[in-house]
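Student: Dropping a structure here in structure tokens format, bear with me for questions.
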Amino acid sequence: MEINDQNLDALSTYLRQTLSPNANERSEPEKTLKQIERNENYSLLLLTLCERSTTPDEIRRASVINFKNFIKRNWPSLDESNSISLRDRTHIKEHIIDLMTRSPEHIQEQLADAITVIGKCDFPEQWPNLLNTMVKQFQQQTNSSFQSINGVLKTAHSLFERYRHEQRSDELWFEIKLVMDNFAPAFTQLFQLLMSYYPKKESDQVEMKNIFNSILLIVKIFYDLNAQVKSEDFSRINK
């Protein structure tokens with residue numbers, strides 16, 4: 001399936017029909033989506049609809065929910081005939097973090113769920129540049145609204161939350177050490193920036209909400225990274 005206006009319009013029509021309260025009206029488009037989802041670029045078409053600001057919000061929401069469910073069903077699969085192509089996988093991993101930062105909050109939440117699935121399967125071996133991508137987003141977004149940065153923080157928390165309860169192993173320690181070495185310094189700098197930034201925005205209620213959401217996410221991530229054992233990295237960074 002090519003990523004073009006014709007296919008995007010057709011996909012939008014199917015998605016809109018699946019929103020019908022009538023089960024009979026939903027049945028046929030749901031079957032159609034199930035048939036075409038094995039085509040290359042299907043997931044990318046969903047993300048394109050989700051990304052476009054001109055797409056009606058109900059279609060953006062439907063596209064990202066379908067994308068999330070598609071990822072959950074297919075990303076972990078080792079069956080070549082029922083799996084997402086290597087090309088699509090690469091494209092998704094290259095662009096999904098950036099899309100997170102540019103999306104409304106309700107879209108971010110769905111993308112975070114999808115990223116969690118991808119991260120559990122591919123990070124760090126098959127997604128080695130993920131941490132650098134998140135760090136770059138921190139640096140690029142520091143002059144923007146914290147709504148954008150919250151997308152990266154949600155991504156980080158969705159990936160690191162499992163450290164709270166995962167069984168201890170050498171593989172887990174290696175991964176946490178990798179995160180601490182490559183993510184923690186920029187993460188700490190972001191917190192410092194946030195604490196110096198929020199007094200300037202006390203009269204901006206929308207931005208203050210974003211800032212406090214950022215603080216909440218930062219606290220969650222801090223706990224994620226210290227749940228197994230208290231890390232010295234954060235205290236060392238501040239010295």
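The values are calculated or read from the model by the stated rules, or taken from the named source; none is laboratory data. Everything quoted here is computed from the prediction, not taken from an experiment. All Cβ positions, glycine included, derive from the backbone under ideal geometry; neighbour counts span all protein chains shown. Protein only, heavy atoms only, side chains kept; ligands, DNA and RNA dropped before computing areas. Shrake-Rupley method; radii C 1.70, N 1.55, O 1.52, S 1.80 Å.
Student: Can you list residue pairs whose Cβ atoms sit under 6 Å apart, with the first residue in segment 1-21 being free of Cβ contacts under 8 Å to residues at least 12 places away in the same chain and the second being surrounded by fewer than 18 Cβ atoms within 10 Å (Cβ to Cβ) and not hydroxyl-bearing (Ser, Thr, Tyr)? Count only pairs 6 or more apart in sequence or on different chains.
Tutor: Within 6 Å, the pairs are Ser20/Arg26.
Student: Inspect segment 146-164 for any residue being out of contact with any His (no Cβ under 9 Å at 6 or more places or on another chain), small (Gly, Ala, Ser) and under 19 Å from Cys121 (Cβ atoms) and give the result as yes or no.
Tutor: Yes; the residues of segment 146-164 include at least one that is out of contact with any His (no Cβ under 9 Å at 6 or more places or on another chain), small (Gly, Ala, Ser) and under 19 Å from Cys121 (Cβ atoms).
Student: Hey, does segment 66-79 have a residue that's in contact with a helix residue (DSSP H, G or I) (Cβ under 6 Å, 6 or more places away or on another chain), aliphatic (A, V, I, L, M), at pLDDT 95 or above and over 14 Å from Thr155 (Cα atoms)?
Tutor: There is at least one residue in segment 66-79 that is in contact with a helix residue (DSSP H, G or I) (Cβ under 6 Å, 6 or more places away or on another chain), aliphatic (A, V, I, L, M), at pLDDT 95 or above and over 14 Å from Thr155 (Cα atoms).
Student: Same structure, new question: Is one or more of the residues making up segment 127-149 farther than 16 Å from Pro76 by Cβ, touching a residue at least 24 places away in the same chain (Cβ under 8 Å) and basic (Lys, Arg)?
Tutor: So far as segment 127-149 goes, no, none of its residues is farther than 16 Å from Pro76 by Cβ, touching a residue at least 24 places away in the same chain (Cβ under 8 Å) and basic (Lys, Arg).
Student: Test of understanding: among Ile115, Ile149, Ile96, which residue is in contact with a Phe, Trp or Tyr (Cβ under 7 Å, 6 or more places away or on another chain), open to solvent by less than 10 Å² (accessible area, probe 1.4 Å), in a helix (DSSP H, G or I) and of a type in the set (A, V, I, L, M)?
Tutor: Of the residues listed, the single one that is in contact with a Phe, Trp or Tyr (Cβ under 7 Å, 6 or more places away or on another chain), open to solvent by less than 10 Å² (accessible area, probe 1.4 Å), in a helix (DSSP H, G or I) and of a type in the set (A, V, I, L, M) is Ile149.
Student: Could you say which residue among Lys239, Lys230, Lys200 is at pLDDT 80 or above and either more than 24 Å from the chain's Cα centre (by Cα) or not in a helix (DSSP H, G or I) (or both)?
Tutor: Sole residue among the options that is at pLDDT 80 or above and either more than 24 Å from the chain's Cα centre (by Cα) or not in a helix (DSSP H, G or I) (or both): Lys200.
Student: Take segment 166-197 and flag every residue that is open to solvent by less than 70 Å² (accessible area, probe 1.4 Å) and among the aromatic types (Phe, Trp, Tyr).
Tutor: Listed by number, the residues that qualify are Phe183, Phe187, Tyr197.
Student: Hey, among the residues in segment 24-57 that are more than 27 Å from Ser83 (Cβ to Cβ) and open to solvent by 60 Å² or more (accessible area, probe 1.4 Å), which one's modelled with the lowest pLDDT?
Tutor: Here the residue is Ser53.
Student: Of the numbered conditions (1) assigned to a helix (DSSP H, G or I); (2) open to solvent by less than 60 Å² (accessible area, probe 1.4 Å); (3) at pLDDT below 80, Asp224 fails exactly one; give the number of that condition.
Tutor: Exception for Asp224: condition (3).
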